[in-house]
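What follows is a single structure, written as structure tokens, with notes after it.
The values are calculated or read from the model by the stated rules, or taken from the named source; none is laboratory data. None of these values were measured; they are calculated from a predicted model. Virtual Cβ from ideal backbone geometry, glycine too; neighbours counted across all protein chains shown.
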Amino acid sequence: MSLQNKVAIITGGASGIGFAIARRFVSDGAKVVIADIDDGRGEEAEKELKDIGEAVYVTCDVAEKLDVRNLVASALDAFGDVDILVNNAGIVAGADLLELDEADFDRVLAVNLKGAFLCLQAVARHLVDRVKAGGEPGTIINISSINAVLAIADQVPYSISKGGVNQLTRVSALALAPYGIRVNAIGPGSISTDMLATVLEDEQARDKVLSRTPLGRVGEPREIAAVAAFLASDGASYVTGQTIYADGGRLPL
Ligand code: NAD
């Protein structure tokens, strides 16, 4: 129960990695606010989490500043405080560089990078005010990807957005360190979620992923949630500005 009574906002928390993080945090004693644009899955997620602890679902497109403002206000309304932000919402738009649509480029950057910035800034403002008033610092976790450092030809905006997320992590860790607020990132490898479904359903594509993964299997969302639980806990009290890769050994060591 290392997150006992902490309040955590998890964006994109209605499914996949975000939901696994939400479930792990609730199991560890946290109160969780799930932010997503998929109301059906969000409400289902809230219901499931309420069987084991405290959770609310809030509709929020992280790329929209007013939605983000409403998200933080809703978290404060529901639980009176915010201690942890997990910037997890993310999308992909696979296309050859020469065919890539401008609107797809803009949307991926808006959700994965600007959305992470908007949420981080809104929660950081709350945490800084709290520290100035003598309260606890809190912590922020950004979900990046191995694609932040690997170049994959048909994932142009995704790779750029995740490279940006790593730098967002570093610059905001530096800016918030004077307040004791830690900012870290997790870089998952290939994890079994909807986002990877088309790859995993295609035998050739799946074999290619597995042949490049030293542990020889895809990861489970709960294995990313375990890293998030560590980074959110006091066990990581001297860790900030880092991206931890949970990728089955995919990145060259
Ligand atoms: P997923 O598609 O299962 O879940 C993403 C969630 O984000 C969905 O619930 C979706 O509705 C929500 N979302 C999308 N746009 C949103 C928006 N504008 N505002 C709020 N919510 C929004 O994907 P996942 O695999 O669980 O991905 C979660 C994160 O992990 C993403 O940032 C992704 O880039 C990252 N990641 C995933 C993998 C993988 O292999 N699955 C690998 C590396 C990184």
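The rows are residues; the columns are (1) of a type outside the set (Val, Ile, Thr); (2) exposed (fewer than 14 other Cβ atoms within 10 Å of the Cβ).
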residue: 160; (1), (2): no, no
residue: 184; (1), (2): yes, no
residue: 190; (1), (2): yes, no
residue: 198; (1), (2): no, yes
residue: 204; (1), (2): yes, yes
residue: 225; (1), (2): yes, no
residue: 232; (1), (2): yes, no
residue: 237; (1), (2): yes, yes
residue: 241; (1), (2): yes, no
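Step by step: first the residues of the stretch 42-52, then only those that are more than 10 Å from the ligand (Cβ to nearest atom) and surrounded by 16 or more Cβ atoms within 10 Å (Cβ to Cβ), then the one that is nearest to residue 229 (Cα to Cα). Which residue is that? Quick ask: steps written out before the conclusion?
So in the stretch 42-52, the residues more than 10 Å from the ligand (Cβ to nearest atom) come out as 43-44, 46-52.
Going one step further and asking which of them are surrounded by 16 or more Cβ atoms within 10 Å (Cβ to Cβ), we end up with 46, 49.
Working: 46: 19, 49: 16 Å.
Filtering the stretch 42-52 for residues that are more than 10 Å from the ligand (Cβ to nearest atom) and surrounded by 16 or more Cβ atoms within 10 Å (Cβ to Cβ), the one nearest to residue 229 (Cα to Cα) comes out as 49.
Note on the stretch 25-41: among residues that are surrounded by fewer than 23 Cβ atoms within 10 Å (Cβ to Cβ) and either without any contact (Cβ under 8 Å) to a residue 12 or more places away in the chain or within 15 Å of the ligand (Cβ to nearest atom) (or both), the one that is nearest to residue 120 (Cα to Cα) is 37.
Of the strands (runs of 3 or more DSSP E) lying entirely inside the stretch 16-114, not one contains at least 2 residues that are polar (S, T, N, Q).
Give me the residue from the stretch 200-253 that is assigned to a loop (DSSP other than H, G, I, E, B) and of a type in the set (Gly, Ala, Ser) and, out of that set, nearest to the ligand (Cβ to nearest atom). So the residue we want is 248. Residue 194 satisfies every condition listed in (1) of a type in the set (D, E, K, R); (2) within 14 Å of the ligand (Cβ to nearest atom); (3) surrounded by 15 or more Cβ atoms within 10 Å (Cβ to Cβ) except (3).
Kindly establish whether residue 137 is touching a residue at least 12 places away in the same chain (Cβ under 8 Å), surrounded by fewer than 22 Cβ atoms within 10 Å (Cβ to Cβ), in contact with a helix residue (DSSP H, G or I) (Cβ under 9 Å, 6 or more places away or on another chain) and part of a loop (DSSP other than H, G, I, E, B). It would help to see each step written out before you state the result.
Working: touching a residue at least 12 places away in the same chain (Cβ under 8 Å): yes; surrounded by fewer than 22 Cβ atoms within 10 Å (Cβ to Cβ): yes; in contact with a helix residue (DSSP H, G or I) (Cβ under 9 Å, 6 or more places away or on another chain): yes; part of a loop (DSSP other than H, G, I, E, B): yes.
Yes; evaluated as a whole, the condition is true for this residue.
Specify which of the listed residues (168, 100, 150) is surrounded by 15 or more Cβ atoms within 10 Å (Cβ to Cβ), within 12 Å of the ligand (Cβ to nearest atom) and of a type in the set (A, V, I, L, M). Show your work before the answer.
Values: 168 fails: within 12 Å of the ligand (Cβ to nearest atom); 100 fails: within 12 Å of the ligand (Cβ to nearest atom).
Answer to the selection: 150.
Residue-level check: of (1) crowded, with 21+ Cβ neighbours inside 10 Å; (2) within 15 Å of the chain's Cα centre (by Cα); (3) touching a residue at least 40 places away in the same chain (Cβ under 8 Å), residue 92 misses just (1).
Within the option set 68, 82, being β-branched (Val, Ile, Thr), within 12 Å of the ligand (Cβ to nearest atom) and more than 28 Å from residue 198 (Cβ to Cβ) holds for one residue only, 68.
Would you confirm, using the coordinates I've provided, whether residue 172 is at pLDDT 95 or above, assigned to a helix (DSSP H, G or I) and within 14 Å of the chain's Cα centre (by Cα)? Can you show your working first?
Details: at pLDDT 95 or above: yes; assigned to a helix (DSSP H, G or I): yes; within 14 Å of the chain's Cα centre (by Cα): no.
No; evaluated as a whole, the condition is false for this residue.
Given the residues 8, 93, 20, 45, which is the only one that is within 20 Å of residue 164 (Cβ to Cβ) and of a type outside the set (Lys, Arg)?
Values: 8 fails: within 20 Å of residue 164 (Cβ to Cβ); 20 fails: within 20 Å of residue 164 (Cβ to Cβ); 45 fails: within 20 Å of residue 164 (Cβ to Cβ).
It is 93.
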